[in-house]
Amino acid sequence: MNPLIQVYTFHKKGFGLKEHSFLRLFEEVLSTTPCSLLECSVKISCEGTHASRLRFGYEQSDIQSGLHAIYDLLNKIAGCKNVLLNRDILGQIVNNDLDVLRVIAIGVGLDYKADMSDSKVKCYLMVREYPEKVDQVISLHPPLEGIRDYLVHEEFVFGIDLYFDGRTGVEIYPCLDRRDLDSPTLMAKLKLRDAAQELIKECNLLHISFQGNGGRVFYFHPRSPTRFIRLLDNRRLSLAYSHVQTLNYILSQSYKTAFVSVNLSLIEDEISSKDIQHIGLQYALTYRA
C-alpha cells in the first residue's frame, strides 16, 4: 500500500472521522494523483478534539499536474450544496503568469466542521527567489507592521483560505531555522525572546503565522516531539500523540525511510499567559513512489 494512503486510513480510523462528501472528494484525489506529501492535523481545545483537517501536496516535477488536480477538486467542492467558494484572490495569485519553475511545492487542505460556514479549503504554495510573488502576497495580506522583518529566507510559504461561506484571505508562514533562532539580534527584532523562548530552545525550526488581530501563532518543529509534548502536559494532546507514535511503529515495519514528522502550533498570547487552551498537532509524511 502507498504509505500516504496508509497514513490517511490510519488517521481516519484512529480519530473516528465521519464519512461526508468532501472527505470522499479528498480521498479520490489522494488516491489517483502523484501526491508526495500528506499532512494530518488535530486541533485540541477545551471543547474537545477536532481531527477533520487534512492536506496533501505535490513537489517539483508534479507541480503542473498537481495544479490541475487541485483546481478540479475546488470545482467539485464548489458544486456541492450550500458551498460558496470565492476564488478571486486565488485567481490573482495563481494564474497564467505564475512561473512554475519558481514554485517548489503546492498543496491543498480540507478543514471540515459541523458548521459549514466555518469549513474551508486552503491552497498552499512554497516559492523560491520569487520577489514579485512575495510582494503580491504581502499586498493581499492584512496590514501588519514589520511583516517583512520575518522574511529572512528565499523560500516563502503562504496559503489562501477559501471558506465555504465565501470568505477568503491570505496567510503567510515565514520560517526561522536554528541559526536564525540562535541570533540574538533577530530574536530581539522579532520580539521572540520572552514567553516562548523555552519552547523555542527545543526546536530545529519555527514557522509563524498571524491572526486577524496581529497576534502570532507559532508552529514548533521539536527535535524530540515526545519531550516537547511532555512539557505541555496536556492529556488530550498526549492521547493524540500516542496515535502518531503507533503509526510510526507500523510504518517502520514496512518502510525503512517512511516516518511522520511532527510539529505543534500554539497561540503566543496563550503561552504568555500560561493558559494554553488551543493546541494543534500536525504530522506529515513525504513519500515518492
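For the stretch 123-138, a residue qualifies if it is of a type in the set (D, E, K, R) and buried (at least 20 other Cβ atoms within 10 Å of the Cβ), and exactly one does: Lys133. For Leu110, indicate whether it is buried (at least 19 other Cβ atoms within 10 Å of the Cβ), touching a residue at least 12 places away in the same chain (Cβ under 8 Å), in a helix (DSSP H, G or I) and in contact with a strand residue (DSSP E or B) (Cβ under 8 Å, 6 or more places away or on another chain). No: the conditions fail for Leu110. Filtering the stretch 173-182 to residues that are in a loop (DSSP other than H, G, I, E, B) and either in contact with a strand residue (DSSP E or B) (Cβ under 9 Å, 6 or more places away or on another chain) or surrounded by 17 or more Cβ atoms within 10 Å (Cβ to Cβ) (or both) leaves Tyr173, Pro174.
For the stretch 249-267, the set of residues classified as at pLDDT below 95, over 25 Å from Gly66 (Cα atoms) and surrounded by 18 or more Cβ atoms within 10 Å (Cβ to Cβ) consists of Leu251 only.
For the stretch 60-84, the tally of residues that are part of a helix (DSSP H, G or I), closer than 24 Å to Met116 by Cβ and in contact (Cβ under 8 Å) with a residue 12 or more places away in the chain stands at 7. Among the residues of the stretch 85-96, those identified as in a helix (DSSP H, G or I) and out of contact with any strand residue (DSSP E or B) (no Cβ under 8 Å at 6 or more places or on another chain) are Gly91, Gln92.
Filtered by the rule that a residue be among the aliphatic types (A, V, I, L, M) and buried (at least 19 other Cβ atoms within 10 Å of the Cβ), the stretch 272-283 gives Ile279, Leu281. If we scan the stretch 26-34, do we find a residue that is under 21 Å from the mean Cα position of the chain (by Cα), assigned to a helix (DSSP H, G or I) and among the polar types (S, T, N, Q)? Checked the stretch 26-34: at least one residue is under 21 Å from the mean Cα position of the chain (by Cα), assigned to a helix (DSSP H, G or I) and among the polar types (S, T, N, Q).
Taking the conditions (1) at pLDDT 95 or above; (2) assigned to a loop (DSSP other than H, G, I, E, B) in turn, Pro143 satisfies each one other than (1). Give the stretch 278-289 a look and list any residue that's modelled with pLDDT of 95 or more and polar (S, T, N, Q), or say none. Of everything in the stretch 278-289, just one residue is modelled with pLDDT of 95 or more and polar (S, T, N, Q), namely Gln282.
The values are calculated or read from the model by the stated rules, or taken from the named source; none is laboratory data. Computed from a predicted model, the values in this text were never measured in an experiment. Cβ coordinates were reconstructed from backbone atoms using ideal geometry, including for glycine residues, and neighbour counts include every protein chain displayed.
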